[in-house]
Every structure is written in C-alpha cells, then in structure tokens.
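Worksheet: the structure to be examined is printed underneath.
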Amino acid sequence: MTAVFSRRAVLVVRLAVLALLGLCVATVLLFVWRARAYEQLGEPITQPIPFSHKHHVGDDGIDCRYCHTTVETAAHAGLPSTAVCLGCHSQLFRDQPLLALLHRSEASHQPIAWQRVHVLPEFVYFNHGVHVAKGVACVECHGRVDQMPLAWRARPLQMQWCLDCHRDPAARLRPTSQAFSMDAPLPPPDQAGLLAREAHLESRRRMTDCSTCHR
C-alpha cells in the first residue's frame with residue numbers, strides 16, 4: 001500500500017513537533033528562572049566596585065539623595081555617576097586599588113556598569129517620586145540598606161506584596177520629612193490615617209486599579 005505521506009514529510013512534521021515542544025520547555029524554564037530572580041531575597045548582588053551602603057549610609061551618614069539624585073522627581077531613582085563618586089573619592093582613598101575602576105571610568109568616559117538590585121518586570125510602572133511624595137520611606141521597599149555591606153533585595157516586590165500596601169497604605173506611611181530616614185518609627189494609627197488622607201490615598205479602588213501599575 002502506498003504511504004499517504006512521504007518519509008520527508010513525516011520527518012518534517014516530527015522535527016516541527018520537537019521544535020514546538022522544545023520551545024514550550026524553554027518558555028517554561030524562562031518563566032521559572034525569572035520568577036526565581038524576583039524571589040532571591042537577602043543575597044548580596046556583586047557590583048563592579050563593592051560599594052558598601054553600610055559604610056556610606058550607616059557609618060558616614062550620606063543621604064540617599066546624594067547618589068540617587070532623581071528619587072524625588074522621577075520614576076527612576078537614578079544610579080550614581082562617576083562624577084558623583086569622585087565628589088568624594090577624587091580626594092579620599094583615591095589611590096586605593098579598589099577604586100581603580102572608578103578612575104578608569106573617568107579617564108575613558110565609560111559609565112560604571114552597576115548591577116540593579118531591585119528589578120521589576122517591564123510591564124510594571126513604578127514611580128519613585130510619587131511614592132516619596134506620599135510618605136513611603138525608602139526602608140519600606142529597600143530594607144535597612146544602612147546595614148548592608150553589599151546591597152540585596154529585602155522585599156519580594158511581587159504583585160501581592162505591592163497590593164498589600166496599596167490596600168492599606170496608612171500602615172506604611174511616614175511624614176515626608178522622614179522618608180529618607182533608616183530608623184524612623186512608623187507613626188501611631190491615628191496619625192497614619194491622617195497622613196493617608198492628606199496624601200489622598202483613601203480610595204482603595206483607585207489604589208488597586210490595574211491601570212495604576214500597568215500602563
């Protein structure tokens with residue numbers, strides 16, 4: 001009996017099925033890898049220069065805004081440029097081998113490739129400036145960076161974690177004057193409720209609407 005399909009056609013179909021299965025497996029593995037990447041809490045991120053927040057923030061008392069210059073005004077907090085680092089290290093410890101990359105960056109005009117610690121999916125819109133203006137302190141999302149020799153992710157930054165705050169923002173607000181303090185206590189409930197009203201954060205529907213974070 002003559003075969004309905006030639007051997008070549010059968011081979012092509014089998015290869016296509018295998019390729020489709022391989023693509024499905026690769027997609028699943030990619031999603032698992034990305035999910036794990038967002039869940040790695042407490043693991044220090046290796047940086048081109050081992051910058052210690054504990055030393056600079058905790059010991060020396062440098063304000064977050066000195067390095068993260070747009071944290072109050074833009075969606076992104078901003079990463080320190082070579083010029084910002086050299087504001088101190090053109091004089092302090094300038095000959096230390098640890099800072100050789102910093103001086104090479106200045107000479108070559110190539111920015112330092114700092115590794116991002118807090119990474120959100122591309123489909124999530126987050127604005128640092130808005131959160132700071134409403135009284136969400138750095139420590140709420142980034143943890144006690146003043147105690148981190150190398151920065152790590154202290155919070156999961158996943159959707160449910162964000163929604164927990166958006167459903168009850170009052171419990172996590174501080175006066176804006178304390179937004180950059182690492183150890184300022186949360187205010188009592190009555191004051192927290194007042195802060196939420198002053199910041200116009202009473203509407204749970206607006207705070208949890210999909211378009212608030214997905215645009």
Taking the range 178-192 and keeping only residues that are in a helix (DSSP H, G or I) and either acidic (Asp, Glu) or at pLDDT 90 or above (or both), one is left with GLN178, ASP190, GLN191
Turns out the helices (runs of 4 or more DSSP H) fully within the range 79-157 with at least 3 residues that are without any contact (Cβ under 8 Å) to a residue 12 or more places away in the chain, more than 20 Å from GLY61 (Cα to Cα) and not assigned by TED's automatic domain parsing to the domain that holds ALA196 are 100-108
Cβ pairs under 8 Å, 6+ apart or interchain, first in the range 200-211 and within 12 Å of CYS162 (Cα to Cα), second assigned to a helix (DSSP H, G or I) and not charged (D, E, K, R), ordered by first then second residue, are MET207/HIS166; MET207/PRO169; THR208/LEU163; THR208/HIS166
Subset of the range 55-77, residues part of a loop (DSSP other than H, G, I, E, B) and either buried (at least 16 other Cβ atoms within 10 Å of the Cβ) or among the charged types (D, E, K, R) (or both), comes to ASP60, ASP63, HIS68, THR69, VAL71, GLU72, ALA77
Scan the range 120-127 and tell me whether some residue there is surrounded by 12 or more Cβ atoms within 10 Å (Cβ to Cβ) and closer than 20 Å to CYS67 by Cα.
yes
Restricted to the range 35-54 and to residues being hydroxyl-bearing (Ser, Thr, Tyr) and in a loop (DSSP other than H, G, I, E, B), the residue modelled with the highest pLDDT is SER52
Selection over the range 59-110 where residues are among the small types (Gly, Ala, Ser) and under 26 Å from LYS134 (Cβ atoms) yields a count of 5
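Considering only the range 158-177, state which residues are of a type in the set (S, T, N, Q) and not in a helix (DSSP H, G or I).
Correct list: GLN158 only.
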Of the residues in the range 146-165 that are touching a Lys or Arg at 6+ places or on another chain (Cβ under 8 Å) and not hydrophobic (A, V, I, L, M, F, W, C), the one that is nearest to TRP114 (Cα to Cα) is PRO149
Taking the conditions exactly as written (within 17 Å of LEU41 (Cβ to Cβ), hydrophobic (A, V, I, L, M, F, W, C) and out of contact with any Leu (no Cβ under 7 Å at 6 or more places or on another chain)), does VAL119 satisfy them or not? yes
PHE180 fails exactly one of (1) surrounded by fewer than 17 Cβ atoms within 10 Å (Cβ to Cβ); (2) closer than 28 Å to SER52 by Cα; (3) in contact (Cβ under 8 Å) with a residue 24 or more places away in the chain, namely (1)
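The values are calculated or read from the model by the stated rules, or taken from the named source; none is laboratory data. All of these numbers come straight from a predicted model, not from anything done at the bench. Cβ atoms come from the backbone with ideal geometry, glycine included; neighbour counts cover every protein chain shown.
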